[in-house]
1. Any idea how far the Cα center of region 94-147 sits from the one of region 150-166, in Å?
2. For an R0 of 25 angstrom, estimate the FRET efficiency from the Cβ-Cβ distance between Thr141 and Asp64 and round to the nearest 0.05.
3. Pull up all non-local amide H partners of Leu197: gap of 5 or more, or a different chain, and H-to-H distance under 5 Å with H placed in the peptide plane.
4. Taking the simple approach of a point 7 Å from Cα along Cα-to-Cβ for both Glu150 and Ala92, what is their distance in nm?
5. What is the extension gain from Lys72 to Thr198, computed as 0.36 nm multiplied by their sequence separation minus the C-alpha to C-alpha distance, in nm to one decimal?
6. Spin-label point model (7 Å from Cα, Cβ direction): what's the Val116 to Gln183 distance in nm?
Amino acid sequence: MRVQRYDSPLYCIRGRAARVRGLAKTSGFGVSIRLLLLTPDSSTLSTGEGDFSGRFLPGETPMDREYDYRPKWTMIVLCALFFGAGALVLGAKANGNDRGLIINGIIELSAGSATVFYWVLAALSIGFVVVAGFLAFIRLTVHQRITLGETSITIPRSRWSSEETVVSFSDILDLSTSEVSGQRFLTIVYRGGKFALTASMLPRKEDYNEICAAVGQGVKLAQPRDR
């Protein structure tokens, strides 16, 4: 898992006039965290690893860009096929099992316990097939989207609803990106709620970086300037 966190007005900004005031990096056991405090004087945002990256002219933000936000058919079908096949194999194994089982050379199960173990795995696989069917139903019946405006981002009100919430960039308190098992997430904490945007729910991989860049730029521009 990799986590990168940016608390307003913390930004990772590339530019000739950007001055690094502090940098903290911690790594271990597969987890790395980076915090950067910079004096913004550039319109290019980047974490150095693709998140919050993108170029905009001074004062410019993407206006009224809309992205579909729903599970991909590829993921749904593969999930259903994989766990469906797993349920059939495990069910057949449990039905005709007459042998014990040793798990990782540590846990030893009798023939009866091994049969129960196979049935439990088969039931879990069936559960994932049901989840895939539910996701297919949600994709067909619930329309969700992410919309970027000049001063706000529109997000789904809940995971299973078509209702939307408009969040002003000035109301965003915290932005953070994380990666778990190859899945990337953008977490937006704003006055009144919290939303985790999942990159795999967007049509293209590039859309995630584009949204990160736009939101980071919008929040930066919405910050009060020192006089």
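Read-outs: derived from the displayed coordinates by stated rules, not from any lab. Being a predicted model, the structure only gives us computed values, none of them experimental. In this analysis, Cβ positions are derived from the backbone assuming ideal geometry, glycine residues included, and neighbour counts consider all displayed protein chains.
1. After rounding, the separation between the Cα centres reads 33 Å.
2. Working from the Cβ atoms, E equals 0.50.
3. Leu186, Thr187, Ile188
4. So the two model labels end up 6.3 nm from each other.
5. Net length gain for the segment: 44.2 nm.
6. About 3.0 nm, to one decimal.
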